[in-house]
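Comments concern the structure below.
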Amino acid sequence: MDQDHRRALETLFARTSEPGAQARTVIGADEIARWPSDALQVLVEAGILKAWRPAATIICHGCEERCLRQVFILPTEAAEPERTGWTCDLFSDKGPFVCTTDALQRWSMSRNALAKFIGRLLGLEIKSSDREARRVRYDPIRIGCELRSLSVEFADSAVVLIGSSRIPLLDLLEWTEAGIAVDREALQVCINSSGANKSSNKSYQPSVAVRDDKKLSTEVRNRSLQREVDRLAKEHPRLSKEQLAAKAASSTVGKGMTASRIARVTRKPKKTRRKNFA
Ligand SMILES: [Zn+2]
């Protein structure tokens, strides 16, 4: 997932997981304006965001006070789009200031809707949830002939618990052209490293789990780096491993990592003949 989409989801997951966050969080147009242009539509189609009633207040930018002001509908001709305005608290000689109705649009996201979406992605039904939907348990996930308990926690951040391992929800997701999907490879890594635990509540050990969490995240990240290197190798078949790593370092996946580190955690892809699909 590229950094911009990642940041959008990160914001959403953090907002909904804050200790004081209500079961429903309201997201304003100003925040959505910072996201990649396709993000809103994808999140609405996924059922994660729903249109909410427009804001009744706006932060005044007619003065330095940035005070919160009530908005009102401005009279317009029938053919004109609706406009909203506000008056400034400090400068009665200025204004009324005008904004488009779009600037007041808001969307809501509930932990319930997010939990349902995760269930749909994984093909799992929700088994139980606490009243606030802070911890949602799903039917066990089946891999081959093994079963793992699976739940999602919204506490400070959104975390997925699979068997005995914990992983940030963000690390299990991909943003594809078709929308948000599960990173099957990342899921497999988590499943492989998670022991089957029959009663996940009792055997849950936070201190151990946090360590696992970091190790897992690193492993998942290295896999996506490898995929990026594989992709680059196809694009530039003549480059050496170091040159590919340097390219990967400037990609969104490798952001913040040095080329030598990337070279260390990835392997040079084997030359593969391009398959032709009918
Ligand atoms: Zn003002």
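Rule-based calculations on the coordinates, nothing more; no lab input. This structure is a prediction, so every number in the text was calculated from the model and none was measured. FYI the Cβ positions are ideal-geometry reconstructions off the backbone, even for glycines, and counts take in every protein chain you see.
Give me the net charge of P96's neighbourhood, meaning all other residues with Cβ under 13 Å from the Cβ of P96; Lys, Arg count +1, Asp, Glu -1.
On the way: positive: R69, R83, K94; negative: D89, D93.
Every neighbour counted, the sum reads +1.
For the chain, the longest stretch holding no trypsin sites (Lys or Arg not before Pro) located in a DSSP loop with at most 15 other Cβ atoms within 10 Å is which? Walk me through the numbers before you get to the answer.
Details: sites that count: R34, R66, K94, R131, K198, R238, K255, R267, K270, K271, R273, R274, K275.
Answer from the scan: 132-197.
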In the stretch 106-144, chymotrypsin sites (Phe, Trp or Tyr not before Pro) in a DSSP loop with at most 10 other beta-carbon atoms within 10 Å: none
Centroid-to-centroid separation of the stretch 72-116 and the stretch 162-184 [C-alpha atoms, Å]: 35
Estimated FRET transfer efficiency when R0 is 35 angstrom, pair D2-H61 (beta carbons, to 0.05): 0.70
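Dipole of the chain, Cα-centred, from +1 at each Lys and Arg C-beta and -1 at each Asp and Glu C-beta, to the nearest 20 debye? Intermediate results must be reported in sequence, preceding the final value.
Values: 47 positive and 35 negative charges, 406 e Å.
Dipole about the Cα centre, nearest 20: 1960 debye.
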Of V160, V71, V136, the one that fluctuates the most in a GNM where the chain has Cα springs shorter than 10 Å: V71
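For the stretch 38-97, which chymotrypsin sites (Phe, Trp or Tyr not before Pro) are in a loop by DSSP, counting at most 13 other Cβ atoms within 10 Å? Let's see the in-between values first.
Working: sites: W52, F72, W86, F91, F97; in loops: F91.
Sites meeting the loop and neighbour criteria: F91.
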Over the chain, relative contact order from alpha-carbon pairs under 8 Å, at least 6 apart, %: 15
Ratio of the Cα radius of gyration of the stretch 3-110 to 2.2 N^0.38 Å, where N counts its residues: 1.23
Highest-fluctuation residue, T76, T11, T258 considered, GNM on the chain with Cα pairs under 10 Å: T76
Most mobile of D139, D156, D38 in a GNM of the chain (Cα contacts under 10 Å): D38
Sequence-distant lysines (8 or more away, or on other chains) whose Cα lies within less than 22 Å of K268: K234, K241, K247, K255
Alpha-carbon Rg with Dmax, taken over the chain, Å: 23.4, 74
Exposed GluC sites (Glu not before Pro) absent: longest stretch of the chain, with sites in DSSP loops and at most 16 other Cβ within 10 Å deemed exposed: 178-278
Positive dipole terminus of the chain, leading residue within G163, T101, I180 (C-beta point charges): G163
